[in-house]
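Step one of this worksheet: look at the structure below.
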Amino acid sequence: MAAISQHDYGLLFLNLINILPLSTMLSKPTFFAFIIVAFEALFILQQWRHPFFHFLLLSYFFFAIKTYFLKSKQPRPVYLVDFSCYKPPSKCKVPFSSFIHHASMIEAFDTESVEFMAKTLVSSGLSQETYLPPALHCIPPKTHHRESINEAQMVLFPVMDELLSKTKLSPHDIDILIVNCSGFCPSPSLSSIIINKYSMKSDTKSYNLSGMGCSAGTIGVDLAQNLLKTHENKTAIVLSTEILSTGWYSGHEKPKLILNCVFRMGGAGILLSNKKQAENTSKYKLIHSLRTQRAYDDTAYYAVYREEDSRGILGVTFNKDLLQAVSETLRSHITLLGSQILPFTEQFFHVISILRKKLIDKSAEIYNPSFKTVVQHFCLPSSGKPLIREVAKGLNLNGRNIEPALMTLHRFGNQSSSSWWYELGYMEGKWRVKKGDKIWVLGLGTGIKCCSLVLECLRPIVEDDKKSPWSCCIQQYPIQ
């Protein structure tokens, strides 16, 4: 067969270019095969019989097919589109004087119990403007099931409404719903209450997390991420709160009275998606998550424990071994997280310092790797000033790094599983989050269990969110 002319070769090449738009109509493997056949026909017409050309063509084909299937097996990235935080009404504010006055009028508390709660409030790091639900403003407090349901609706419905409004979504757009609340687990569940209220579609996958403590908010996001990795083109909402009316303790045991003093109203809604278009509209991308737990260890398991006191009154006990159990849990968790996200140099210096201490100089200090080399912002557990400062000490964090946690504790109190999103809202309100910044969200809860999320900011966060709980007071912070 004679070789085709230069003119015919040009026509053939132009025709080949013209069929490239077929890539939008054919699957990629089919299109790759079509291109291979076209070029093979060209080689034959040009009498290029040398094996090298055919080997090169087939190599490209197999490489393209392998790359395509490897990419197709990887789950799509999970994006944190937006979040919302609940701001309770002003009528729910509870100044210290009001709290102590009401407590002294409750027959269940003796003088020693009231004095203990007064001292705890003063040293707690809370301000005079934190909130308690209406049921706990009554004398005596109302802790009935109906009051807990009312509190759940009071918090979760506005959070859901705001999140849907900010993201311009319909309840029918939600494919996955996760609601977490540690101490209150009604039947039907809280997730069912949300589905009923918003008339969600019948195939919405719903989950209800309880008994997970303060870490439930980050665990809920971790669960949503795992679900989105196995379900393509879906949208998930995580709602986090703690119902205080069901956890109120009316007894005399001091370790159980702490919960009355530091836990306050709060709730957050987080929207996540793995849809392709979410990359252009989302605030953050979830780039890493890690969970560890020490429930197998009795010291950690009983560090925070819900039980009845000697009079049969139910309450949550904060044992004296709590900080020790937290330190041990964080040590193992942070070591594992560091091995996965820290740069090689930080890990290298850490290992060398350990070897030096064991083999050369036992008095030498072990190098503590700096997470600030990869993370710019930190959302820490806001369970109390001692815990915040203990975590900061272990991570070598400065005052600016722990400012969001301390200010959230001051303004809103310990809001359990939703606190981290108030901290992130604080940083956004201060315009500190820049495109490309990494945020480490560290959740810590009963068990003891720990869950970390690492987020990457996808765009500058400079919008003025009038609905943010910080919008009316952000200029007053930070305070000493």
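Against the test of being out of contact with any Asp or Glu (no Cβ under 8 Å at 6 or more places or on another chain), of a type in the set (Lys, Arg) and at pLDDT below 95, the options Lys197, Lys168 yield a single qualifying residue, Lys168. Restricting attention to the stretch 444-480, which residues are of a type in the set (S, T, N, Q) and either over 30 Å from Ser332 (Cα atoms) or not assigned by the TED database to the domain that holds Gln415 (or both)? Correct list: Ser468, Ser471, Gln475, Gln476, Gln480.
Residue by residue, here is whether (1) assigned to a loop (DSSP other than H, G, I, E, B); (2) free of Cβ contacts under 8 Å to residues at least 12 places away in the same chain; (3) open to solvent by 10 Å² or more (accessible area, probe 1.4 Å) holds:
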| site | (1), (2), (3) |
| --- | --- |
| Ser418 | no, no, no |
| Glu423 | no, no, no |
| Met427 | no, no, no |
| Lys435 | yes, no, yes |
| Gly443 | no, no, no |
| Cys450 | no, no, no |
| Glu456 | no, no, yes |
| Ile461 | yes, no, no |
| Pro478 | yes, no, yes |
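Going by the conditions given, is Ser353 of a type in the set (S, T, N, Q) and either loosely packed, with under 15 Cβ neighbours inside 10 Å or in contact with a strand residue (DSSP E or B) (Cβ under 7 Å, 6 or more places away or on another chain) (or both)? So Ser353 does not fit the description; no. Counting only helices (runs of 4 or more DSSP H) wholly contained in the stretch 41-135, the ones carrying 3 or more residues that are open to solvent by less than 80 Å² (accessible area, probe 1.4 Å), modelled with pLDDT of 90 or more and of a type in the set (A, V, I, L, M) occupy 111-123.
A quick yes/no check of all residues on (1) of a type outside the set (A, V, I, L, M); (2) under 30 Å from Arg459 (Cβ atoms); (3) in contact with a Gly (Cβ under 8 Å, 6 or more places away or on another chain); (4) not assigned by the TED database to the domain that holds His231:
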residue	(1), (2), (3), (4)
Tyr284	yes, yes, no, no
Asp298	yes, no, no, no
Phe318	yes, no, no, no
Leu322	no, no, no, no
Glu328	yes, no, no, no
Arg331	yes, no, yes, no
Leu342	no, yes, no, no
Phe348	yes, no, no, no
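Candidates in the stretch 250-259 are the residues that are open to solvent by 10 Å² or more (accessible area, probe 1.4 Å) and not acidic (Asp, Glu); of these, the one that is farthest from the chain's Cα centre (by Cα) is His252. Filtered by the rule that a residue be among the basic types (Lys, Arg) and surrounded by fewer than 16 Cβ atoms within 10 Å (Cβ to Cβ), the stretch 260-288 gives a lone residue, Lys276.
Could you tell me which of the residues Gly211, Gly247 is assigned to a loop (DSSP other than H, G, I, E, B), in contact with a Ser or Thr (Cβ under 8 Å, 6 or more places away or on another chain) and surrounded by fewer than 24 Cβ atoms within 10 Å (Cβ to Cβ)? None of the others qualify; the one that does is Gly211.
For the condition of a type in the set (Ser, Thr, Tyr) and either touching an Asp or Glu at 6+ places or on another chain (Cβ under 6 Å) or within 19 Å of Leu239 (Cα to Cα) (or both), Ser123 does not qualify. If the condition is being in contact with a helix residue (DSSP H, G or I) (Cβ under 8 Å, 6 or more places away or on another chain), open to solvent by 20 Å² or more (accessible area, probe 1.4 Å) and within 21 Å of Leu322 (Cβ to Cβ), then the stretch 388-416 contributes Arg389, Glu390, Gly394, Leu397, Leu406.
Does Glu162 fit the bill of being out of contact with any helix residue (DSSP H, G or I) (no Cβ under 9 Å at 6 or more places or on another chain), among the acidic types (Asp, Glu), closer than 29 Å to Lys93 by Cβ and buried (at least 18 other Cβ atoms within 10 Å of the Cβ)? Criteria met by Glu162. For the stretch 313-334, a tally of residues being farther than 18 Å from Ala295 by Cα and surrounded by fewer than 17 Cβ atoms within 10 Å (Cβ to Cβ) returns 1. The lone criterion from (1) under 24 Å from Leu286 (Cβ atoms); (2) out of contact with any Asp or Glu (no Cβ under 9 Å at 6 or more places or on another chain); (3) not basic (Lys, Arg) left unmet by Glu390 is number (1). Residues that are more than 21 Å from the chain's Cα centre (by Cα), crowded, with 16+ Cβ neighbours inside 10 Å and not small (Gly, Ala, Ser) occur in the stretch 336-346; there is at least one.
Consider Thr230 carefully, then state whether it is of a type in the set (Val, Ile, Thr), farther than 20 Å from Thr292 by Cα, in the same structural domain as Cys185 (by the TED database) and open to solvent by 10 Å² or more (accessible area, probe 1.4 Å). Yes: the conditions hold for Thr230.
The values are calculated or read from the model by the stated rules, or taken from the named source; none is laboratory data. Note that the coordinates shown come from a computational prediction; the quantities given were computed from them, not determined experimentally. Neighbour counts run over all protein chains shown; Cβ positions are idealised from the backbone, glycine included. We work out accessible area using only protein heavy atoms, side chains counted, and drop any ligands, DNA or RNA first. Shrake-Rupley method; radii C 1.70, N 1.55, O 1.52, S 1.80 Å.
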